[in-house]
Amino acid sequence: MINGKEHKDVNLKEYLDEKGYDINRIAVEINGEILPKSKYRETTIKSNDNVEIVSFVGGG
Amino acid sequence: MKIIFNGKSVNTSVKYAHELGEGNIIVNGYEIHTPYILKEGDNVVIFKKGQVPKREQFTSMISARNNMDTKKLLNASVVICGLGGLGSNIAVMLGRAGVGHLCLIDYDIVDITNLNRQYYFTKHIGMLKTDAICEIISEINPYIETEKINIKIDEDNIKDLFEGISNHKSQIDGPPTGASHLVAPLKPNPKKSYDFLGALGQGVHCPPSVQWTDTPQAYGLGGQDGKPNGVQVICEAFDNPYAKALLVNYVLENHPHKKLVCGSGMAGLYSSNLIQTKRVMKNLYICGDETNEAKIGEGLTAPRVSICAGHEANMILRLINDMEEV
């Protein structure tokens, strides 16, 4: 599951690129644990993983 | 019968609240205007309109309408990162609520373009935001303990900054909740403060300083186990989305037991009702519409920024009171 939607196995970095995420504006949690940015490239999301991707917008 | 009267636990045999003294009467957070029969455990504050109470009564009186656990508030410690439209309003709201310790971080000075939404006045133009907001809070409640850190947080200094805070009063890695670890307010240790900030000197826009307001003896919460109080909540209140993401990733990776409350999406003149509080991760709450970004043609105004700040401040007060759900 990625942000509540089912998804097939995918490399995280490829998924983020495909969806147009700016890596410097996001935080990613996998199964309740924050994932360091250095691990995005090597991380494969499996179908039973629960992934939350949060993207920040400017203003304050 | 045991009640709390003007912040102190007392035994009383009187029947009615108005027999306790003259003045306006607040019972359990609500001002009464008709005779009220006292019950065991009631929290009663009686004050005289137009008078500033003495120090011993100030805390109980200023919190009279909160109806919250005053000890939890006094022992609470919140780090506010950024003192712009979000942070300046959040700091003032938490100060009004009576949060005992606020660590306020910003590098900038107040300028004319801030006044449309930030909690500053024309007299503050040119002042460091940390100084200006501490002045404002001290005029609301002089017994809030404030710590000022003048720094622009970036990738190179964030580790030292938070280690510095954790070596200092705020104790990032203290007990997860300060509520059960009441502790005497610590005296500032200027040397240590300057040690950790000194390391951050390069690139800092303004001379770093950590200053403390009056030591709040009035709190009367003596050290019980000698352990420092822990920072309960870290509040993200930056303008820049990259700074927001930097702080969130750093805190969640390095302080996995801390709760983090953020703002994201409050620009434009869109509906107030789009702004929400969401618990998006175990320890991460986001307030805002998560969509409307400040950009060319999309400004920031006092109402929407303040609504978002209100969401953040309310979530922080809820967390201080052990309410983790939004």
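The values are calculated or read from the model by the stated rules, or taken from the named source; none is laboratory data. Note that the coordinates shown come from a computational prediction; the quantities given were computed from them, not determined experimentally. Positions of Cβ are backbone-derived with ideal geometry, glycine not excepted, and every protein chain shown enters the neighbour counts.
Within the stretch B:252-264, the residues that satisfy the criterion of being touching a Leu at 6+ places or on another chain (Cβ under 8 Å), crowded, with 24+ Cβ neighbours inside 10 Å and within 9 Å of chain A (Cβ to nearest Cβ) are B:C262, B:G263. Somewhere in the stretch B:47-59, is a residue assigned to a helix (DSSP H, G or I), out of contact with any His (no Cβ under 7 Å at 6 or more places or on another chain) and surrounded by 21 or more Cβ atoms within 10 Å (Cβ to Cβ)? The answer is yes, given that some residue of the stretch B:47-59 is assigned to a helix (DSSP H, G or I), out of contact with any His (no Cβ under 7 Å at 6 or more places or on another chain) and surrounded by 21 or more Cβ atoms within 10 Å (Cβ to Cβ).
Considering the stretch B:265-276, the residues that are buried (at least 18 other Cβ atoms within 10 Å of the Cβ) and more than 8 Å from chain A (Cβ to nearest Cβ) include one that is farthest from the chain's Cα centre (by Cα), namely B:G268.
Any chance the stretch A:34-42 includes a residue that's in a strand (DSSP E or B), within 22 Å of B:F238 (Cβ to Cβ) and within 11 Å of chain B (Cβ to nearest Cβ)?
Residues of the stretch A:34-42 in a strand (DSSP E or B): A:34.
From what is left, the residues that are within 22 Å of B:F238 (Cβ to Cβ) are A:34.
Adding the requirement that they be within 11 Å of chain B (Cβ to nearest Cβ) leaves A:34.
Yes, some residue in the stretch A:34-42 is in a strand (DSSP E or B), within 22 Å of B:F238 (Cβ to Cβ) and within 11 Å of chain B (Cβ to nearest Cβ).
The one condition from (1) buried (at least 17 other Cβ atoms within 10 Å of the Cβ); (2) in contact (Cβ under 8 Å) with a residue 40 or more places away in the chain; (3) closer than 26 Å to B:N292 by Cα that A:I45 does not meet is (3). The residues on offer are B:A17, B:A64, and the sole one that is small (G, A, S) and at pLDDT 95 or above is B:A17. Looking only at the stretch B:90-115, which residues are hydroxyl-bearing (S, T, Y) and part of a loop (DSSP other than H, G, I, E, B)? Across the stretch B:90-115, the qualifying residue is only B:Y107. Restricting the stretch B:290-326 to residues that are closer than 22 Å to B:M68 by Cβ and free of Cβ contacts under 8 Å to residues at least 24 places away in the same chain, which is surrounded by the most Cβ atoms within 10 Å (Cβ to Cβ)? Looking at the filtered set, the residue picked out is B:R318. Test B:C287 against the criterion of being surrounded by 21 or more Cβ atoms within 10 Å (Cβ to Cβ), within 13 Å of another protein chain (Cβ to nearest Cβ), under 22 Å from B:C103 (Cβ atoms) and without any contact (Cβ under 8 Å) to a residue 60 or more places away in the chain, and give yes or no. The answer is yes for B:C287. Scanning the stretch B:290-299 for residues that are of a type in the set (K, R) and either in a loop (DSSP other than H, G, I, E, B) or more than 9 Å from chain A (Cβ to nearest Cβ) (or both) yields a count of 0. Of everything in the stretch A:43-57 that is more than 14 Å from every other protein chain (Cβ to nearest Cβ) and among the hydroxyl-bearing types (S, T, Y), the residue that is farthest from A:E6 (Cα to Cα) is A:T43.
Among the conditions (1) closer than 24 Å to B:A97 by Cα; (2) modelled with pLDDT of 95 or more, B:P53 misses just one, which is (2).
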